[in-house]
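The values are calculated or read from the model by the stated rules, or taken from the named source; none is laboratory data. Here the structure is a predicted model, which means the values were calculated and not measured. Heads up, the Cβs are rebuilt from the backbone with ideal geometry, glycines too, and the neighbour counts pull from every protein chain shown. For the accessible areas, the whole protein counts, side chains as well, though only heavy atoms, and no ligand, DNA or RNA atoms are used. Shrake-Rupley method; radii C 1.70, N 1.55, O 1.52, S 1.80 Å.
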Amino acid sequence: MKKYGEKVNWPITILLILGLITVAFPLYMTIMIAFKQPSEMTNNIHGILSFPKSWSLENFKEAMRVTDFWNSLGNSIFITLLTVVVSILIHSLIGYSIGRNKDHSKFYKISYLYIVSGMFVPFAILMMPLVKQTAQIGLDNMAGVIILYVVFYMPMNVLLYTGYLKNIPIALEEAAKVDGASTWRTYWSIIFPLMKPMHATVAVLTALGTWNDVMTPLVIMSGSGKNTLPLAQLNFQTQFGTNYNLAFASYLLAMLPILLFYIICQKQILSGVVNGAVK
Amino acid sequence: MKKINDRQRTFLMITIPILILFFCFNTLPLIKGVIYSFTNFKGYGSYDWVGIRNYIDLFQDSRVGKSYLFTFKLAVLATIIVNVLSLILALGLNSKIKFKSTLRGLYFIPNILGALVVGYIFNYFFTYILPEFNKMIGGNGDSILASTKWAWVAIVLVCAWQSIAMNTIIYISGLQTVPEDVYEAGSIDGATGFAKFKNLTFPLILPFFTINMVLCMKNFLMVFDQIMALTKGGPAQSTESISYLIYNNGMSGGQFGFQSANAVIFFIVIVVISIFQMNFLGNKEEQL
């Protein structure tokens, strides 16, 4: 759709490409160090930033062993996936029942404000009581972390779903009602599929937040002997000692899954993030 | 009439269990936190009521005071830096450039990475790479992370590096809502360069500015991962954020009750700031 006479602004293009150095440099540094052997790291910048003599995968093998990579990865995927699925099911449901009733019912109006105001509660104040509470009822494990995420992301997601619901005319449901379908069935067969764009946004935001979160698993499941990817980095930090090559191989491994995911779903992720923030 | 009742019953059966779940894992711990803040609970063993003792001590505790000062300094500075740079970057990425979507995609990468690992990578950068550059220009080659005077700058930089990506994307979507004919009308009136930005573009994307300010402030006030990865609060407790102090002393330092009081105050501060920001910036929007 380019109009004629529109010229490409090359100076800005070049400046922006140069600016990418700030993004690329830390990643470049990570890759270089991750592939090197400690003996190659002579104590100057050239030794650190030059290309490795050989692109050996030894560091990665060792880092995987030290940080129990596959188990941590599995736990991270399990927690994130389950959180996203449960969030989409539960948050869209509560968003639906609140969204359809809050304009004419005081109970739903208050419920809405009650849940959404949860957004202001910092984790710091919930942290200590939650550690006690989850330990008492046997939820100081991955299941507990998932339940907490579903609760923590509820305010934002309910806000998103109720906002989106305004675009879905109630006449659609009334038509189904005339055909004899129950509210429950109408929801799953008509409304839930129609909210698909919002499901995508909720999935992206919830997944990014839970995948990279350190604090919740740190305080809740640190006694369970299980790690998520970020938690493994924290817990095994001391084991790397001064072997930075091993440490960086591990950092690269920890970043790789989300980077690959981003490359594949870049468009959905960007539009999801924008939708979530702007709504 | 029966159909309506069925519908209402369905809604209630959805809403009530979820409300209970939310209450149990959000409101209940919040209430417990407030209750703990009036005790001398260490995190284990028995405890006594101490009334508002913790709150009085809180305002006299220099370590707590220092952590509030540090956290606010960090949040305000990082918010300003991030918003200025994101706005510039967004204007660039929204102009008529080549490789537009590729560039946008690449600039967003820092945001998807975990703050902890990013912190570790920058930790190395500040410890081993930056001092070398410092020596080249005749400095003493000390790491800024080891300096009580400069360690906080490192944390601002790392926070900014990650957050700029997010804010830029929001500003870009803001800039895309500005219709082309506004600029055409503006150029007839002779608006160019900075005047065009100040009088036309900026007022129109003010709602997005509000979102970014609120998001930034809130996130930076709760900063934790970066502290954990870069300084662990040091050197000499100069970079202890409020969240870090509550975590560190509350969970393992035997100050469960005391840090609960700290968390209550922190909660109130967050609410007040968020409401203030939304009202203040909201009013400005209406005037325009």
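Applying a threshold of 6 Å to beta carbon distances and a minimum spacing of six or more residues, or different chains, the list of pairs starting in the range A:121-148 at a residue that is more than 8 Å from chain B (Cβ to nearest Cβ) and in a loop (DSSP other than H, G, I, E, B) and ending at one that is surrounded by 19 or more Cβ atoms within 10 Å (Cβ to Cβ) and not basic (Lys, Arg) reads A:Asp140/A:Thr134; A:Asp140/A:Ile220; A:Asn141/A:Met221.
Within the range B:114-135, can one find any residue that is under 23 Å from the mean Cα position of the chain (by Cα), more than 24 Å from A:Thr242 (Cα to Cα), crowded, with 18+ Cβ neighbours inside 10 Å and not polar (S, T, N, Q)? Within the range B:114-135, none of the residues are under 23 Å from the mean Cα position of the chain (by Cα), more than 24 Å from A:Thr242 (Cα to Cα), crowded, with 18+ Cβ neighbours inside 10 Å and not polar (S, T, N, Q). Put simply, of A:Thr228, A:Thr238, A:Thr186 the only residue that is within 11 Å of chain B (Cβ to nearest Cβ) and within 30 Å of B:Ile227 (Cβ to Cβ) is A:Thr228.
Residues are listed down the side, and each one gets a yes or a no for (1) in a helix (DSSP H, G or I); (2) within 24 Å of B:Val223 (Cα to Cα):
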residue	(1), (2)
A:Leu218	yes, yes
A:Asn227	no, yes
A:Gln237	yes, yes
A:Asn245	yes, no
A:Ser250	yes, yes
A:Ala254	yes, yes
A:Leu259	yes, yes
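Just checking, which of B:Phe209, B:Phe220, B:Phe202, B:Phe276 is more than 9 Å from chain A (Cβ to nearest Cβ), in contact with a helix residue (DSSP H, G or I) (Cβ under 6 Å, 6 or more places away or on another chain) and part of a helix (DSSP H, G or I)?
Numbers: B:Phe209 fails: in contact with a helix residue (DSSP H, G or I) (Cβ under 6 Å, 6 or more places away or on another chain); B:Phe202 fails: in contact with a helix residue (DSSP H, G or I) (Cβ under 6 Å, 6 or more places away or on another chain); B:Phe276 fails: in contact with a helix residue (DSSP H, G or I) (Cβ under 6 Å, 6 or more places away or on another chain).
Within the list B:Phe209, B:Phe220, B:Phe202, B:Phe276, the selection yields B:Phe220.
Answer yes or no: is there a residue in the range A:55-64 that is closer than 30 Å to B:Asn94 by Cα and open to solvent by 60 Å² or more (accessible area, probe 1.4 Å). No: zero hits.
Restricted to the range A:153-183, and to residues there that are outside any loop (DSSP other than H, G, I, E, B), without any contact (Cβ under 8 Å) to a residue 40 or more places away in the chain and open to solvent by 50 Å² or more (accessible area, probe 1.4 Å), the residue that is farthest from A:Leu93 (Cα to Cα) is A:Val178.
Among the residues of the range A:208-215, is there at least one that is surrounded by 23 or more Cβ atoms within 10 Å (Cβ to Cβ) and charged (D, E, K, R)? Yes, the range A:208-215 contains a residue that is surrounded by 23 or more Cβ atoms within 10 Å (Cβ to Cβ) and charged (D, E, K, R).
Is it the case that B:Lys32 is touching a Lys or Arg at 6+ places or on another chain (Cβ under 9 Å), closer than 30 Å to A:Val158 by Cα and either within 14 Å of chain A (Cβ to nearest Cβ) or surrounded by fewer than 19 Cβ atoms within 10 Å (Cβ to Cβ) (or both)? It would help to see each step written out before you state the result.
Details: touching a Lys or Arg at 6+ places or on another chain (Cβ under 9 Å): yes; closer than 30 Å to A:Val158 by Cα: yes; either within 14 Å of chain A (Cβ to nearest Cβ) or surrounded by fewer than 19 Cβ atoms within 10 Å (Cβ to Cβ) (or both): yes.
Considered against the rule, which asks whether it is touching a Lys or Arg at 6+ places or on another chain (Cβ under 9 Å), closer than 30 Å to A:Val158 by Cα and either within 14 Å of chain A (Cβ to nearest Cβ) or surrounded by fewer than 19 Cβ atoms within 10 Å (Cβ to Cβ) (or both), B:Lys32 comes out as yes.
Got a sec? Which helices (runs of 4 or more DSSP H) wholly within the range A:1-119 have at least 2 residues that are in contact (Cβ under 8 Å) with a residue 24 or more places away in the chain?
Per the criteria, A:10-35, A:58-66, A:69-101, A:106-116.
Which is of a type outside the set (A, V, I, L, M) and within 23 Å of A:Met32 (Cβ to Cβ), of B:Gly174, B:Gly141, B:Gly186, B:Gly190?
Numbers: B:Gly174 fails: within 23 Å of A:Met32 (Cβ to Cβ); B:Gly186 fails: within 23 Å of A:Met32 (Cβ to Cβ); B:Gly190 fails: within 23 Å of A:Met32 (Cβ to Cβ).
Within the list B:Gly174, B:Gly141, B:Gly186, B:Gly190, the selection yields B:Gly141.
Is it the case that some residue within the range B:228-237 is part of a helix (DSSP H, G or I), of a type outside the set (A, V, I, L, M) and open to solvent by 50 Å² or more (accessible area, probe 1.4 Å)?
Our first condition is that a residue be part of a helix (DSSP H, G or I); within the range B:228-237, this holds for B:228-230.
Subset that is of a type outside the set (A, V, I, L, M): none.
The answer is no; no qualifying residue exists.
Exactly one residue out of B:Phe11, B:Phe25 is in a helix (DSSP H, G or I), within 22 Å of A:Leu126 (Cβ to Cβ) and either more than 7 Å from chain A (Cβ to nearest Cβ) or free of Cβ contacts under 8 Å to residues at least 60 places away in the same chain (or both), and it is B:Phe25.
Among the residues here, B:Asp142 does not qualify as more than 13 Å from chain A (Cβ to nearest Cβ), surrounded by fewer than 20 Cβ atoms within 10 Å (Cβ to Cβ) and closer than 30 Å to B:Ala261 by Cα.
Mind listing just one residue for me: the one in the range B:254-280 that is open to solvent by less than 20 Å² (accessible area, probe 1.4 Å) and aliphatic (A, V, I, L, M) and, of those, nearest to the chain's Cα centre (by Cα)? Looking at the filtered set, the residue picked out is B:Ile270. From the set of residues in the range B:203-227 that are closer than 19 Å to B:Leu157 by Cβ, polar (S, T, N, Q) and in contact with a Leu (Cβ under 9 Å, 6 or more places away or on another chain), which is most open to solvent (accessible area, probe 1.4 Å)? Checked the range B:203-227; the qualifying residue most open to solvent (accessible area, probe 1.4 Å) is B:Gln226. Per this entry, B:Thr79 is counted among residues that are crowded, with 20+ Cβ neighbours inside 10 Å, in contact with a Cys (Cβ under 7 Å, 6 or more places away or on another chain) and in a helix (DSSP H, G or I). The residues of the range B:238-253 that are open to solvent by 20 Å² or more (accessible area, probe 1.4 Å) and of a type in the set (A, V, I, L, M, F, W, C) amount to a single one, B:Met251.
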